[in-house]
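Enquirer: Below: one structure in structure tokens.
The values are calculated or read from the model by the stated rules, or taken from the named source; none is laboratory data. Quick caveat: nothing in here was measured; it's all calculated off a predicted structure. In this analysis, Cβ positions are derived from the backbone assuming ideal geometry, glycine residues included, and neighbour counts consider all displayed protein chains. Ligands, DNA and RNA are stripped out before the accessible areas are found, and what is left, the full protein with its side chains, is counted by its heavy atoms. Shrake-Rupley method; radii C 1.70, N 1.55, O 1.52, S 1.80 Å.
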Amino acid sequence: MSKPRRERLKVDGWIVLDKPVGITSTHALSIVKRLTKADKAGHAGTLDPLASGILPLAFGEATKTVPYVMDGEKAYRFTVTWGIETNTDDSDGEMVNSSAERPSVAAIKAILPRFLGVVLQTPPQFSALKVQGERAYDLARDGEVVKLEPREVEITALTLADHTEDTATFEAECGKGTYVRALARDFGRLLGCFGHITALRRTRVGPFSESEAVTLDALKAAGEAGPQAADLLAMIQPVERALASLPSIAIGNHDAQRLKNGQSIILRGRDAPIVLGQAYATLHGKLIALVEGENGEIRPKRAFHL
């Protein structure tokens, strides 16, 4: 006999998860998906098992907006332990270099400006980047020496938050594609003492911050009454939260129907907004479509079914 199909519900929106240390992003998503019984889900930006913090989970129509969150700026708090460099650039790896040297606070602060702005960064060998069709971490686990080319990344803020003789804790704000593990590696090499990540927490992803994050335990407790429990539903944020960086335009019923049908519209009238580039359209506060404006014309890019 075939197993009965699991019940699936239409769930649309975001849950800002505070991922705990010790599980993968995929595992965390699967737990929350089971709680909500959502028929479609994904996450915006992977966190390593070693890392904790903000993991935005998208459900239903929100999955269409994932790129807008992943392209947003991210913030981290991370601790580097000096004296050892590992092949993974964190505490899960094997030691490849060591040193008895320890940097002074003045030396640490002196190098930080060199990492600000648009800089070249070589990704860790153990990363999800593809090399000739294979994931770099798969090649590295097989013992191959992975050569990854430096890439431009942008770091907008970087400060020393705390320190001991053997460790230093930093806070960073950076753009898409920045590897914090690579920062730890490069700090250690530049200071002549080597280093690796021993604690990492993501504190912000695009529009989502720590203040609105919910824990797995809180989600499980809220979900005890079922996937439609009020406490669980209250933790789901609107789809348009992901679009906070875009302007919004309010439209009428006729224009909303045209956009849903894939047709362009023209906003007329003295008070009609001028839309240049990407935006999102709403009808009575309800998200209708991602649009793009040019020469007075509003073209639909992606429709939503909410």
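Enquirer: Where is the GNM fluctuation largest for the chain (alpha-carbon springs, 10 angstrom cutoff): VAL105, VAL32, VAL80?
Expert: Between VAL105, VAL32, VAL80, it is VAL105 that shows the largest mean-square fluctuation.
Enquirer: Starting at the first residue of segment 299-306, write each ³J(HN,Hα) from the Karplus equation 6.51 cos²θ - 1.76 cosθ + 1.60 with θ = phi - 60°, in whole Hz, x for Gly and Pro.
Expert: Rounded to whole hertz, the list is 10, x, 10, 7, 8, 10, 10, 10.
Enquirer: Residues with amide H under 5 Å of SER52's amide H, sequence separation 5 or more or different chain, H placed in the peptide plane at 1.01 Å from N; which?
Expert: LEU200, ARG201, ARG202
Enquirer: From the phi angles alone, apply the Karplus equation (6.51, -1.76, 1.60; θ = phi - 60°) to segment 52-62 and give each ³J(HN,Hα) in whole Hz, x where the residue is Gly or Pro.
Expert: Per-residue couplings from phi come out as 10, x, 5, 10, x, 10, 9, 10, x, 5, 5 Hz.
Enquirer: Could I ask something else about it? How charged is the neighbourhood of TRP14? Take every other residue with its Cβ under 11 Å from the Cβ of TRP14, and add Lys/Arg as +1 and Asp/Glu as -1.
Expert: Combined, the nearby Lys, Arg, Asp and Glu give -3.
Enquirer: If you don't mind, another one. For the Cα atoms of the chain, what angle does the longest principal axis make with the long axis of helix 180-191, in degrees from 0 to 90, nearest 10?
Expert: Relative to the chain, helix 180-191 is tipped by roughly 30 degrees.
Enquirer: Taking amide H positions as placed 1.01 Å from N in the peptide plane, with prolines and chain starts having none, which residues 5 or more places from HIS163, or on another chain, fall under 5 Å of its amide H?
Expert: THR169
Enquirer: Now for a separate question. Using a 1.4 angstrom probe on the protein heavy atoms only, line up HIS196, HIS43, HIS254 by accessible area, largest first.
Expert: Final ranking, largest accessible area leading: HIS254, HIS43, HIS196.
Enquirer: Using a 1.4 Å probe, how large is the accessible area of THR282, given in Å² and rounded to the nearest 10?
Expert: Only protein atoms counted, so the area is about 20 Å².
Enquirer: Cut-off 10 angstrom, C-alpha nodes, Gaussian network model of the chain. Which of ALA62, ALA44, ALA161 fluctuates the most?
Expert: Most flexible of the set in this elastic network: ALA161.
Enquirer: How much of the calculated P(r) for segment 176-297 lies past 20 Å, in percent of all Cα pairs?
Expert: 65 percent
Enquirer: Next up: Protein chains only, probe 1.4 Å: how do MET70, MET235, MET95 rank by accessible area, largest first?
Expert: MET95, MET70, MET235
Enquirer: Going from most exposed to least, what order do THR26, THR215 have by accessible area with a 1.4 Å probe?
Expert: THR26, THR215
Enquirer: Could you give the size of the charge dipole of the chain about its Cα centre, using +1 on the Cβ of each K and R and -1 on the Cβ of each D and E, expressed in debye and rounded to the nearest 20?
Expert: 1260 debye
Enquirer: At a Cα cut-off below 13 Å, give the aspartates and glutamates reachable from LYS64, other chains included and same-chain residues fewer than 8 away excluded.
Expert: Cross-link targets: ASP12, GLU240.
Enquirer: Label points 7 Å out from Cα along the Cβ direction at ARG302 and LYS147: separation in nm?
Expert: The two pseudo-label positions are separated by 3.7 nm.
Enquirer: With unit charges on the beta carbon (Lys/Arg positive, Asp/Glu negative), name the residue among LEU267, LEU47, LEU290 whose Cα is farthest towards the positive pole of the charge dipole of the chain.
Expert: LEU267
Enquirer: Using r as the Cβ-Cβ distance of THR167 and ARG34, and R0 as 41 Å, what FRET efficiency do you calculate, to the nearest 0.05?
Expert: E(calc), rounded to 0.05, equals 0.65.
Enquirer: Say a site is exposed when it is one of the GluC sites (Glu not before Pro), sits in a DSSP loop, and has at most 14 other Cβ atoms within 10 Å; what is then the longest site-free stretch of the chain?
Expert: That gives 166-306 as the longest site-free run.
Enquirer: So if I take the alpha carbon set of the chain, get Rg, then get Rh from the Kirkwood formula, what is the Rg over Rh ratio?
Expert: 1.04
Enquirer: Which lysines have a Cα less than 19 Å from the Cα of LYS74, not counting those fewer than 8 places away in the same chain?
Expert: Within the straight-line cut-off, LYS74 pairs with LYS19, LYS176.
Enquirer: Once both labels are modelled 7 Å past Cα along the beta-carbon direction, what's the THR156-HIS284 spacing in nm?
Expert: The answer from the label model is 3.7 nm.
Enquirer: Please list, in order along segment 222-232, the HN-Hα scalar couplings obtained from phi with the Karplus expression 6.51 cos²θ - 1.76 cosθ + 1.60 (θ = phi - 60°), rounded to whole Hz, x for Gly and Pro.
Expert: Here the 3J(HN,Hα) series is 5, x, 4, 8, x, x, 9, 4, 4, 5, 6 Hz.
Enquirer: If amide hydrogens are placed 1.01 Å from N in the peptide plane, which non-local residues have theirs closer than 5 Å to the one on ALA38?
Expert: Here the answer is LEU9, since their amide H atoms fall under 5 Å of that of ALA38.
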